[in-house]
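Step one of this worksheet: look at the structure below.
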Amino acid sequence: MSIMSRLKEETAELHRNAENMELEKALAKGALPKDVYIAMLEQRLLVHRVLERELQAHVADCDAIAKVFAEHHVHSGRIEDDLRFFDRDPGSVVAGGATAETTKWVERLSAENPVALLGVHYVFEGSTNGARYIARSVSGVYGLKDSRGVAYMTSTGEKQPENWRNFKTSMDAVGFSAEDQDAIVESAKGTFNAIAAIDRELYPAPAQA
């Protein structure tokens, strides 16, 4: 089975669970308070910075990363633009507990088995598929124009579908060993859990009566 088939099949339940977090549901419905949206961008920025740094660090020594990682996969600059639009300083963001755990985990993956970073990368690149549609709702609710405030969610704009197809093709063309496939799948699962933990910290589910 190809790596992309395995990733889709073996992370399906965790993907659904992440999408059913209160934050993600409110975001999709246009019901997420703006301050929580901004806080989400801040925490995503810290994760992206570490992930992008570690991927770039291994382009020279990990052939699989060199074949998959592309310049348009660097999203941190778009998040920084969004934060500046909302008058937030991207250099002053403080990590929440779940974000700090996530960035430390990404650093451990990088040190112990760099190819596993591609599982984390898969999850964030995959999220660009739905985000570009959710951005329309977010823009309307928050009264935003063009891509200002939603540059991260609109990703690479009209090129996004093509970029995602190229990502999938590149991943499947690598020819990962069974061991590397397992590592990538496990790190993708860990990423969905990490995103859920960060979301839960930012926007907890209402207490049950």
Practice prompt. Test Ile184 against the criterion of being within 24 Å of Ala116 (Cα to Cα) and touching a helix residue (DSSP H, G or I) at 6+ places or on another chain (Cβ under 7 Å), and give yes or no.
Written response: yes
Worksheet entry | Single match in Val123, Val94 (criterion: under 23 Å from Pro204 (Cα atoms) and crowded, with 20+ Cβ neighbours inside 10 Å) | Val123
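Residue-by-condition table, conditions (1) buried (at least 19 other Cβ atoms within 10 Å of the Cβ); (2) in contact with a helix residue (DSSP H, G or I) (Cβ under 7 Å, 6 or more places away or on another chain):
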position	(1), (2)
Asp35	no, no
Leu46	yes, yes
Ala60	no, no
Ala66	no, no
Asp81	no, yes
Thr99	yes, yes
Discussion item. Looking at the range 4-16, can you tell me whether even one residue there is over 19 Å from Ala151 (Cβ atoms), among the β-branched types (Val, Ile, Thr), in contact with a helix residue (DSSP H, G or I) (Cβ under 7 Å, 6 or more places away or on another chain) and buried (at least 21 other Cβ atoms within 10 Å of the Cβ)?
Written reply: yes
Worksheet entry | Total residues in the range 134-161, condition modelled with pLDDT under 95 and either assigned to a loop (DSSP other than H, G, I, E, B) or closer than 20 Å to Ser2 by Cβ (or both) | 9
Practice prompt. Considering each residue of the range 153-180, count those that are within 14 Å of Tyr133 (Cα to Cα) and surrounded by 16 or more Cβ atoms within 10 Å (Cβ to Cβ), and give that number.
Written response: 5
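Consider the range 162-209. How many of its residues are assigned to a helix (DSSP H, G or I) and either within 26 Å of Gly96 (Cα to Cα) or free of Cβ contacts under 8 Å to residues at least 12 places away in the same chain (or both)? Spell out the reasoning first.
Step one: filter the range 162-209 for residues assigned to a helix (DSSP H, G or I), giving 162-174, 178-202.
From what's left, either within 26 Å of Gly96 (Cα to Cα) or free of Cβ contacts under 8 Å to residues at least 12 places away in the same chain (or both): 162, 165, 169, 178-179, 182, 184-202.
Adding up the residues that qualify gives 25.
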Fill in: Given (1) under 29 Å from Asp35 (Cβ atoms); (2) more than 16 Å from the chain's Cα centre (by Cα), index of the condition Ala66 fails
(1)
Worksheet item: Ala131 versus (1) assigned to a helix (DSSP H, G or I); (2) at pLDDT below 95; (3) among the hydrophobic types (A, V, I, L, M, F, W, C); (4) over 24 Å from Lys8 (Cβ atoms): which is the lone unmet condition?
Response: (4)
Worksheet item: Looking at the range 28-43, which of the residues that are modelled with pLDDT under 95 and assigned to a helix (DSSP H, G or I) is nearest to Asp81 (Cα to Cα)?
Response: Ala28
Response to the item:
Considering the range 1-32, residues that are of a type in the set (Lys, Arg) and under 16 Å from the mean Cα position of the chain (by Cα), and then whichever is nearest to Val141 (Cα to Cα), we arrive at Arg16
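Tell me, which residue of the range 58-81 that is in contact with a Pro (Cβ under 8 Å, 6 or more places away or on another chain), without any contact (Cβ under 8 Å) to a residue 60 or more places away in the chain and part of a helix (DSSP H, G or I) is nearest to Gly149 (Cα to Cα)?
The initial filter retains those residues of the range 58-81 that are in contact with a Pro (Cβ under 8 Å, 6 or more places away or on another chain), namely 58, 61-62, 65, 79-80.
If we keep only those that are without any contact (Cβ under 8 Å) to a residue 60 or more places away in the chain too, we end up with 58, 61-62, 65, 80.
Right, trim to part of a helix (DSSP H, G or I) and you get 65, 80.
Values: Ile65: 30, Glu80: 10 Å.
My answer is Glu80.
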Item to complete: Look at Leu46 and say whether it is assigned to a helix (DSSP H, G or I), within 14 Å of the chain's Cα centre (by Cα) and not polar (S, T, N, Q).
Response: yes
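So, in the range 100-128, how many residues would count as being among the polar types (S, T, N, Q) and within 16 Å of Ala196 (Cα to Cα)? I'd like the intermediate steps shown before the answer.
Taking the range 100-128 and keeping what is among the polar types (S, T, N, Q), we get 102-103, 110, 113, 127-128.
Checking which are within 16 Å of Ala196 (Cα to Cα) leaves us with 102-103, 127.
Residues that pass the stated criteria total 3.
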Worksheet entry | Inter-residue pairs, beta-carbon under 6 Å, first over 8 Å from Tyr203 (Cβ atoms) and in the range 18-37, second aromatic (Phe, Trp, Tyr) and assigned to a loop (DSSP other than H, G, I, E, B), 6+ apart | none
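The values are calculated or read from the model by the stated rules, or taken from the named source; none is laboratory data. The shown structure was predicted, so the numbers you read here are calculated from the model rather than taken from an experiment. Every residue, glycine among them, receives a Cβ derived from its backbone with ideal geometry; neighbour counts consider all protein chains shown.
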